[in-house]
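Beneath this line is the structure, given in structure tokens, with notes to follow.
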Amino acid sequence: MKKLRQTILIILPCILLTLPAQSGLINPPSQSWFPKAPALPMPHGQTIEVSNVQELIEALEQVRPGGTILLADGHYMLPHFIEIKTDNVSLRGASGHRRSVVIDGARSRDGELVWITGCSGVTIADLTIQNIKWNGFKINSQTGVHNLTIYNCIIHNIWQRGVKGVKVPEMNRETIRPKNCRIQYCLFYNDRPKRFSDDETDTAQTFNGNYIGGIDVMYAKGWTISDNVFIGINGRTREARGAVFLWHDAQDCIVERNIIIDCDAGICLGNPHRPKDIRDHCVMCIARNNFITRATEGGIVTVYTKDCKVLNNTIHEPDSRLGRLIRLVFDNDGLFIANNLLSGPKIRNESDSKIKFLNNLAKDLTAVFADPSQGNLHLTARAVEAVNKAKPLPDVSNDIDNESRGAKPDIGADELIN
């Protein structure tokens, strides 16, 4: 029997529009087929339990390397940003229910919520951050931040970047650049498009209310961005930055098994702006097994890349106004585009580089998906042009649900299991 997949929409994005922007109630969009995070092991070593903002601020100063701060369920209205700067520290919701621990910046005097500075091995898990005009999780990459894990968190109403990794100075860059970080099982969503009033720096003279995205990291090396959901990351005029945006010499990063719904831009490997000290924005990065629905500015875009791969993604936008389900711009030497399922226009190649294309399928495939209106691009038995038609690739052994591909894989991110 074929694997049964049911789509149950618990909270629609349109319902979220009625919620106050500073509400303590967290009712995030959820569907039965969204990725679910396995519970983390119980903490070891020093444990500090906190239940209010002052205790949280004090705990971040007192915690020793290897310690864990456990936040009781509650709403933590921050007066200013908080900072983690100790190695191997964990900041976790005690109950494991991420919507029950809310770190809120609506009354903060600062434009950022959580800083990670000069440390390695930090884990942030099982909590929500919301309501800040600039950056939610701010990685101060110029100080040397490595092995950071952001796990099973909700990132809500952040009006520049949910996760931001800043520029790294050229001196000692290879040592300092953020290495081996992981963002997994997180939900990024906004209640509505950005407004001028959300961020006084994003004006008609600067970015016209479109300076907003999900994850934006420079100089990343060895990162994994997987099993996340991005919903409604929109600029004022629907020209926002990527839900995932890697640039400035990002190396050996994997973007996989993510679900991107109604965001202006999906996965951006690189940027048309290239500073003088940058030759390639992304080197040996892979985007695979992702679902992307209605990313009007571009589903997957590669710009100034080298030896990158775009494999087995499913992108649905048959009425795309720009025809950018996959878009290739400027230099993309060694790029490999294979087994992608494009429900809409074919690949838009604006690059003069030598690019290898293999077995991509592009046509209106609305009828073959489980529920494309809600972003559920799992295949049904009607997907005869995709099932068993992919070329086996060593880089793609599993699908978006982490299920084995088998000897005759399917085109796109999903494997229809018999």
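Would you pick out the residues in segment 285-299 that are crowded, with 24+ Cβ neighbours inside 10 Å and either part of a strand (DSSP E or B) or among the hydrophobic types (A, V, I, L, M, F, W, C) (or both)?
Step one: of segment 285-299, the residues crowded, with 24+ Cβ neighbours inside 10 Å are 285, 287-293, 295, 298-299.
Of everything in segment 285-299, those that are crowded, with 24+ Cβ neighbours inside 10 Å and either part of a strand (DSSP E or B) or among the hydrophobic types (A, V, I, L, M, F, W, C) (or both) turn out to be Cys285, Ala287, Arg288, Phe291, Ile292, Thr293, Ala295, Gly298, Gly299.
Within segment 349-369, the set of residues being surrounded by fewer than 16 Cβ atoms within 10 Å (Cβ to Cβ) and within 18 Å of Ile400 (Cα to Cα) is empty.
Inside segment 266-316, can you point out the residues that are among the acidic types (Asp, Glu) and closer than 16 Å to Leu342 by Cα?
Glu297, the sole residue that qualifies.
Contact map, segment 323-348: first residue farther than 24 Å from Pro392 by Cβ and surrounded by fewer than 24 Cβ atoms within 10 Å (Cβ to Cβ), second residue of a type in the set (S, T, N, Q) and modelled with pLDDT under 95, Cβ cut-off under 8 Å, separation 6 or more or different chains; pairs are Gly344/Ser320; Pro345/Ser320. Filtering segment 216-230 to residues that are among the charged types (D, E, K, R) and either assigned to a strand (DSSP E or B) or in contact with a Leu (Cβ under 9 Å, 6 or more places away or on another chain) (or both) leaves Asp216, Lys221. Counting residues in segment 52-66 that are under 18 Å from Ala125 (Cβ atoms), crowded, with 20+ Cβ neighbours inside 10 Å, touching a residue at least 12 places away in the same chain (Cβ under 8 Å) and not hydrophobic (A, V, I, L, M, F, W, C) gives zero. Among the residues of segment 171-198, those that are hydroxyl-bearing (Ser, Thr, Tyr) and not in a strand (DSSP E or B) comprise Thr175, Tyr185, Ser197. Taking segment 309-324 as the range and being in a loop (DSSP other than H, G, I, E, B) and within 19 Å of Ala390 (Cα to Cα) as the test, the residues that pass are Asn312, Asn313. For Trp134, the criteria (1) buried (at least 24 other Cβ atoms within 10 Å of the Cβ); (2) closer than 23 Å to Pro193 by Cβ; (3) hydrophobic (A, V, I, L, M, F, W, C) hold in every case but one, which is (1). Could you tell me whether segment 255-267 includes any residue that is outside any loop (DSSP other than H, G, I, E, B) and of a type in the set (Asp, Glu)? Yes, that holds for at least one residue. Among the residues of segment 115-136, the ones that are within 26 Å of Tyr211 (Cα to Cα), out of contact with any helix residue (DSSP H, G or I) (no Cβ under 8 Å at 6 or more places or on another chain) and not hydrophobic (A, V, I, L, M, F, W, C) come to 4 in all. In the set Ile315, Ile337, only one residue is modelled with pLDDT of 95 or more, farther than 17 Å from Gln374 by Cα and under 22 Å from the mean Cα position of the chain (by Cα); that residue is Ile337. The requirement of being surrounded by 23 or more Cβ atoms within 10 Å (Cβ to Cβ) and either outside any loop (DSSP other than H, G, I, E, B) or out of contact with any strand residue (DSSP E or B) (no Cβ under 9 Å at 6 or more places or on another chain) (or both) is not satisfied by Phe207. Only one of the numbered conditions (1) under 21 Å from Arg241 (Cβ atoms); (2) surrounded by 23 or more Cβ atoms within 10 Å (Cβ to Cβ); (3) β-branched (Val, Ile, Thr); (4) more than 17 Å from the chain's Cα centre (by Cα) is not met by Thr302, and that is (4). Just a yes or no: is a residue in segment 102-111 acidic (Asp, Glu), in contact (Cβ under 8 Å) with a residue 60 or more places away in the chain and within 16 Å of Ile132 (Cα to Cα)? The answer is yes; a qualifying residue exists. Selection of segment 36-69 for residues being of a type in the set (D, E, K, R) and under 29 Å from the mean Cα position of the chain (by Cα) yields only Lys36.
Exactly one residue out of Ala125, Ala94, Ala72 is surrounded by fewer than 19 Cβ atoms within 10 Å (Cβ to Cβ) and in contact (Cβ under 8 Å) with a residue 12 or more places away in the chain: that is Ala72.
When segment 305-322 is examined, which residues are found to be surrounded by 19 or more Cβ atoms within 10 Å (Cβ to Cβ) and touching a helix residue (DSSP H, G or I) at 6+ places or on another chain (Cβ under 9 Å)?
Keep residues of segment 305-322 that are surrounded by 19 or more Cβ atoms within 10 Å (Cβ to Cβ), which gives 305-306, 308-317, 320.
Listed by number, the list holds a single entry, His316.
Here Gly162 clears all of (1) surrounded by 24 or more Cβ atoms within 10 Å (Cβ to Cβ); (2) in a helix (DSSP H, G or I) except the condition numbered (2).
Residues being at pLDDT below 95, surrounded by fewer than 16 Cβ atoms within 10 Å (Cβ to Cβ) and in contact with a helix residue (DSSP H, G or I) (Cβ under 8 Å, 6 or more places away or on another chain) are represented in segment 20-32 by at least one member. Residues in segment 371-383 that are small (Gly, Ala, Ser) and surrounded by fewer than 18 Cβ atoms within 10 Å (Cβ to Cβ): Ser373, Ala381.
The values are calculated or read from the model by the stated rules, or taken from the named source; none is laboratory data. From a predicted model like this one, the values you see are computed outputs, not experimental measurements. In this analysis, Cβ positions are derived from the backbone assuming ideal geometry, glycine residues included, and neighbour counts consider all displayed protein chains.
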